[in-house]
Amino acid sequence: MSRTKLTLGLVALLFVCVIGLFLLLIGESVAVSAALLVLLSFLPVYLVAKWVNSFVLKALIGIALVTQTISVPLFVIHRDAYASTGWNAVKDFTFTFGEFVPMYTELAFFLIVVVSCVALFINVFKFPKLRLDQSAASPVLKPATTTKGIGYYLFLLILALILMTPLNLWMFSNGISLTGVEPPRLPFRLSGILHYLTSLVVPVVLAAIYAKTSRSYSPAIFLMLYAFVLGATQVSKGALLLVMLPILYFAVVDRRYVLLSLSAAFTLVAVQLVILLRNVVYVVTAGKSGADSEGGLMMTLDKMVNEGFDNFSITDTFLLIVDRIEGAQQIILASKFNADAIGGVTAAFQWFNFNPWNVFDANTYHMELIGITLPEGFVAGGGGLLSKALLVTQSEPLFIAAFAINVAAYILIGEWIARSICIKYAVPTYYYIVGGVYVLFFYVGSGTLVFLAVLSFLIFIVLMPKMSVRGFGGKKEIEQHTAGPVSNS
């Protein structure tokens, strides 16, 4: 272990201990004990996963560990905000330590089976071998090296933003790509095409362009502003976060800690504003969700400002971002869910793999999950991967093991994709970027058309003839990375 990693680890441990001591002093012993339960359940699994030659597996276990370590104590601290039914439902959960034990024991079992299956099959099947140089251990995708090159990519980034912003504003005014709102029917399925173009394709292209800029304050600020525009015009936290991810990622890689702090703070504020914007945009008419966006984004923002910022809370926003991936509330509801509401365990497995295979009654599902029905267009999600491990299986160990094998298959597919693209273009960073994107979409959207679109797109890249990556990797960078010993990590 390097001295830097050891120092960071000790600082993190000290921070956790200080927070834990503070919570004990204010009487939050359940929050501390529940957080320790998560660490004892998940941390050993993560450490074992580090021995398996799969970045996709490590990323998945890491997401589970980090989200639950943060979410569980905050969930307990905010227990007064929850009720038996509704959006903040926890049913008959009473926030005692003993109630957390069976859930997180079952989830630890689920993760152990996942790691065991991946460790076994990754050695049985012949996965592509990675040729990485020594720098691959801390992956860096280098920006353009000349002033002319940096200026070119900055110009390209600004041009793309200038072209996309009017489109996003027009889509907002016409009710296209608003989360939870049925879009207008346009010819040639344009509503769907525009949605996936602006919410998936464009953010990926912008990330690729941003990676080749100087990645300093100027390109970051332009991209941050567009992130808010996209999140606001789609009323979507996920869209905003997707555009912010490359800024945060490269700020860590480039060790620009001031930029990292500023972009992280901006993300928290922007997400909160998007949440407040929903109170102005969404309307419910005759039991069906709709949107009041015809006046355009500026008029809508003006309405939001006039309504005030009484509900503005950075702490709540931080928790919302974590819960967007996987929250403790979702896991609790999943543990109490009866899969018969969506057709039984077999039908639930079908739904996990491909949502259209199991089109169930939304009212029955919501009544079972949160105890109320919702207006048409509104959906209470079933949570991330951990939640689905309990919801789909009804917390039965045999079904959990089968579900873990199912998940392991997806991990192996993602590992094959990430390695294949990395080797094909001889850029080690692609292994981590592709693997990270795959895991994130799978973790929060398994079975959805969005995840399957991402999966299909990545497989298409693997199978299609090699394209020139000059401009998004460069020949010199490729030559540098192809030299070096063979590594399986």
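The values are calculated or read from the model by the stated rules, or taken from the named source; none is laboratory data. These numbers come from a predicted model, not from an experiment. Quick reminder, even Gly has a Cβ in these numbers, built from the backbone with ideal geometry, and neighbours come from all protein chains shown. Side chains included, ligands, DNA and RNA excluded: accessible areas come from the protein's heavy atoms. Shrake-Rupley method; radii C 1.70, N 1.55, O 1.52, S 1.80 Å.
With within 30 Å of F403 (Cα to Cα) and free of Cβ contacts under 8 Å to residues at least 40 places away in the same chain as the only criterion, which of A81, A35 stands out?
A35
Run down V243, V181 and say which single residue is crowded, with 19+ Cβ neighbours inside 10 Å and at pLDDT below 90.
Residue meeting the stated conditions: V181.
Residues L412, L385, L449: which one is crowded, with 22+ Cβ neighbours inside 10 Å and touching a helix residue (DSSP H, G or I) at 6+ places or on another chain (Cβ under 9 Å)?
Every option except L385 fails the conditions.
If you scan the stretch 152-173, which residues turn out to be without any contact (Cβ under 8 Å) to a residue 40 or more places away in the chain and open to solvent by 50 Å² or more (accessible area, probe 1.4 Å)?
So the first thing to find is which residues in the stretch 152-173 are without any contact (Cβ under 8 Å) to a residue 40 or more places away in the chain, and the list is 152, 155, 159, 162-163, 166-167, 170.
Passing the criteria: Y152, F155, L159, I162, L163, P166, W170.
State whether one or more residues within the stretch 30-51 are of a type in the set (G, A, S) and within 21 Å of the chain's Cα centre (by Cα).
Going through the stretch 30-51, the residues of a type in the set (G, A, S) turn out to be 31, 33-35, 41, 49.
Filter again for within 21 Å of the chain's Cα centre (by Cα), leaving 49.
Yes - at least one qualifying residue is present in the stretch 30-51.
Counting only residues that are part of a loop (DSSP other than H, G, I, E, B) and either among the aromatic types (F, W, Y) or in contact with a Phe, Trp or Tyr (Cβ under 9 Å, 6 or more places away or on another chain) (or both), which one in the stretch 24-71 is least open to solvent (accessible area, probe 1.4 Å)?
S54
Does P397 satisfy the condition of being in contact with a Phe, Trp or Tyr (Cβ under 8 Å, 6 or more places away or on another chain) and at pLDDT 80 or above?
yes
Assuming I332 fulfils every condition listed in (1) modelled with pLDDT under 85; (2) buried (at least 18 other Cβ atoms within 10 Å of the Cβ); (3) among the β-branched types (V, I, T) apart from one, which condition is it?
I332 satisfies all of (1) modelled with pLDDT under 85; (2) buried (at least 18 other Cβ atoms within 10 Å of the Cβ); (3) among the β-branched types (V, I, T) except (1).
Identify the residue in the stretch 121-151 that is surrounded by 13 or more Cβ atoms within 10 Å (Cβ to Cβ) and part of a helix (DSSP H, G or I) and, among all such residues, is modelled with the lowest pLDDT.
S135
Quick one: F352 ticks every box in (1) within 20 Å of the chain's Cα centre (by Cα); (2) touching a residue at least 60 places away in the same chain (Cβ under 8 Å); (3) open to solvent by 10 Å² or more (accessible area, probe 1.4 Å) except a single one, so which number is it?
Condition not satisfied by F352: (3).
With respect to I400, is the statement that it is part of a helix (DSSP H, G or I), farther than 17 Å from F110 by Cα and aliphatic (A, V, I, L, M) true?
No, not satisfied.
Taking the stretch 72-106 only, how many residues are in a helix (DSSP H, G or I), open to solvent by 60 Å² or more (accessible area, probe 1.4 Å) and within 23 Å of S395 (Cα to Cα)?
Residues in the stretch 72-106 being in a helix (DSSP H, G or I), open to solvent by 60 Å² or more (accessible area, probe 1.4 Å) and within 23 Å of S395 (Cα to Cα): 3 in total.
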